[in-house]
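Coordinate-derived values only; no laboratory data. In this text, all values refer to a predicted model and were calculated from it rather than measured experimentally. Reconstructed Cβ throughout: ideal geometry from the backbone, glycine too, with neighbour counts over all protein chains shown.
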Amino acid sequence: MKKERVKPKAASRESEANLRRRLADACNVLAMVGQGDDVWGHVSVRPPGASTFWMKPAGLGLEEVKPEDMILVDLNGQVVRGKRPRHSEVFIHSEAYRARPEVCAVVHTHPVHCCAFASIGVPLRPITHDGIFFSPPDVPRFSETTDLIVTPERGQAVARTLGGRPALFLISHGIVAVGTTVEEAAVHALLLDKSARAQLLVPGGVPREYTTDEEARAKRERLAGVQSADIRWPYLLRTLARWKRRQRA
């Protein structure tokens, strides 16, 4: 009896559809927590080790993008599938993927509090639990330019500054956050913004007391599982569903 063969394309389509859905969810969650900036800001995701990635297109806000809107881009920044335009700062994503094989998602947004915090030139201190995921050491700051990252060379410079860290500040520009999943990258962006906002509440942005480096490292290890994206994300999706209902009302 002839065995029925599984069609690889069907499995591939299902995987791509799932990635696009998760990408759209991440974009929507970032908008919900205040990281939208009209039609600017972008998020991408790729399967582990892939040389192409799905990316939010230009011309749409984080809150309005849907799975079917996503475009597929290669590591040279060329759109290989999809009809919508590509963001000019695609090289933030492509060069992070080249430099960090373990990275499967990249977020670039423009949180106002992060821009304000980065401008005062003081270290980010772990004055809340959220801060221990980024400090110590201090959050990297990309200061080579405040302009858009529109060339591979600039993207490579951002990737070098990021190093092996989960996020960085682009001075007078925004943030870049990465993760092994799109949910993790989005949570990194969310927590970095919360940490910056908390420290801006301190006069001059310089706290007198905060978690020591030794304790911050211990808390980071202890809380990594407790506050992981896997645990936090279902709550964020439930909150997103309620937020969308209110938006439609």
Any chance you could give the angle, 0 to 90 degrees and rounded to 10, that helix 90-99 forms with the longest Cα principal axis of the chain? 90 degrees
Please list, in order along the range 179-189, the HN-Hα scalar couplings obtained from phi with the Karplus expression 6.51 cos²θ - 1.76 cosθ + 1.60 (θ = phi - 60°), rounded to whole Hz, x for Gly and Pro. x, 7, 9, 5, 5, 5, 4, 5, 5, 4, 4
Based only on Cα atoms, what mean projected area does the convex hull of the chain have, in nm²? 16.3 nm²
Connecting C-alpha atoms closer than 10 Å in a GNM of the chain, tell me which of Met55, Met32, Met70 has the biggest fluctuation. Met32
By counting other Cβ atoms within 10 Å of each Cβ, how are Tyr97, Tyr235, Tyr210 ranked from fewest to most? Tyr235, Tyr210, Tyr97
How big is the range 126-249 in terms of Cα radius of gyration and Dmax, in angstroms? 16.2, 48
When the helix-only estimate is applied to the chain (DSSP H runs of n ≥ 4, each -39,500 (n - 2.57), divided by the residue count), what is the mean residue ellipticity at 222 nm, nearest 500 deg cm²/dmol? -14000 deg cm²/dmol
Taking the dipole of the chain about the Cα centre (Lys, Arg +1; Asp, Glu -1; charges at Cβ), the one of Ala17, Val178, Thr161 that reaches farthest to the positive side is Ala17
Between the Cα axis of helix 213-226 and the main Cα principal axis of the chain, the angle (0 to 90°, nearest 10) is 30 degrees
Sorted by mean Cβ packing within 10 Å, highest first, what order do the peptides 153-166, 130-143 take? 130-143, 153-166
Relative contact order, percent, of the range 97-201 when contacts are C-alpha pairs under 8 Å separated by at least 6 residues? 42 percent
Where both partners of a DSSP beta bridge lie in the chain, what percent of those bridges are antiparallel, to the nearest 5? 90 percent
Near the amide H of Val139, under 5 Å away, which other amide H atoms are found, from residues 5 or more places off or on another chain, if H is placed in the peptide plane? Leu124
What distance in nm separates the two pseudo spin-label positions at Ser51 and Val112, each 7 Å out from Cα along the beta-carbon direction? 4.4 nm
List, in order, the whole-Hz ³J(HN,Hα) value for each residue of the range 103-111 obtained from phi through the Karplus relation with A = 6.51, B = -1.76, C = 1.60 and θ = phi - 60°; use x for Gly and Pro. 6, 10, 7, 9, 10, 10, 9, 10, x
Within the set Glu183, Glu68, Glu214, GNM on the chain using Cα springs under 10 Å gives the largest fluctuation to Glu214
The chain, Gaussian network, Cα under 10 Å: of His108, His188, His87, the residue fluctuating most is His87
Number of Lys pairs (Cα under 18 Å; 8 or more positions apart or on different chains) in the chain: 5
Relative contact order computed over the chain (Cα-Cα under 8 Å; 6+ residues apart), in percent: 19 percent
